[in-house]
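Heads up, the thing below is written out as structure tokens.
Every read-out reported here was derived from the displayed coordinates using simple, explicitly stated rules and does not represent laboratory data. None of these values were measured; they are calculated from a predicted model. Note: ideal-geometry Cβ built from the backbone for every residue, glycine included; neighbour counts use all protein chains shown.
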Amino acid sequence: MGDSANNPWIGWRGTAAHPDAPAGGGGPGAFSGAGSLGHTPPTVLVHPESPQARLVVDFSEYGGDGGTPTQTGAAPNPPPLTQTSSTVLAEQHTDLLEVKVTLEFVADGQDTNLPDGTAETHRHTGVDVSIPGTEFDSKNVVTKAKGKFTMVGPVTIQTNYGPDTHPADLSEYGRGTTEADVRNGDTTIGFHESCHRADYLAFFTSHPIPAFTGKIGMTQQQWNAAASQFQRAYARYFDDADSNSERLTDEVGNPTLSQLKAKRKKRK
């Protein structure tokens, strides 16, 4: 028998042969590759575009001379556990303002609407916002607010996994595929999603949530301008949080999410 258990380019007859050729592979009889993919170097070739390939082979070492694949990355680390927590992002109680916004990280869930083999870290804003009307005098100066400006509720972050998806599965793109991630063994979907959670935590705790600046004594036009300015800044704030996480976690590595989508579109 050849050394096909350690070198897939040595066929069962003991001579060099492509693994798909009749003289290649494992030959007649019962045979299988030993070991667990991602934990020890596999004894068979993996597809070069598979997530596993980046952990296993340096393809520059392949040639017609039966080069042996080498391990290029560490075995995958267990995916980080989601830590549930609650953090106050903003709180203010005055005659005009009633503000309390919290950031809530909740336990992982499952979403059957997600495609098989995928996961998503979702940001849900459950904050109730209300800008009161006003009373104003003959000079159009605001003399009274008809109630309080309120901004109360949670911003919830949750990771959901699709059907047949496990946190220990390998990440297909973005974080989990960068050179540093592969070298350190941080290559799972669970790790990728933990990066999204870290992105949101860092953004929300370092960027103050927009504040309403309306005050008694302003003109009605100034009050309305303050209301419009707040509404624009508030919407942009959450869009920026999402874009920031996409940039830091999805649009890095090999491939990026954009590259993966373009490749899949090209194949259709």
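Miscellaneous remarks
- Label zone of Asp242 (point 7 Å out along Cα→Cβ, amide N under 16 Å): in segment 95-122 this covers 120-122.
- Taking every C-alpha pair closer than 8 Å and separated by at least 6 residues, the mean separation divided by the residue count of segment 85-267 gives a relative contact order of 22 percent.
- Annotation for segment 98-129 versus segment 198-246: alpha-carbon center distance of 20 Å.
- Residue list for segment 213-239, given a label point 7 angstrom along the Cα-to-Cβ vector of Phe136 and an amide N cut-off under 18 Å: 213-231
- Candidate lysines for bridging to Lys215, where Cα separation is under 26 Å - those fewer than 8 sequence places away on the same chain excluded: Lys100, Lys139, Lys144, Lys146, Lys148
- Cβ crowding within 10 Å averaged over residues, with 217-225, 87-95, 184-192, 167-175 ranked highest first: 184-192, 167-175, 217-225, 87-95
- Positive minus negative residues near Pro208 (Lys, Arg vs Asp, Glu; Cβ under 15 Å): 0
- Using distinct alpha-carbon pairs, which all enter the 1/r mean, Kirkwood radius of segment 85-267 in Å: 18.8 Å
- Prolate/oblate/rounded label for segment 84-174 (Cα gyration tensor, a/c 1.5): prolate
- Label zone (Leu257, point 7 Å along Cα-to-C-beta; backbone nitrogen cut-off 17 Å) within segment 174-208: 174-178, 188-204.
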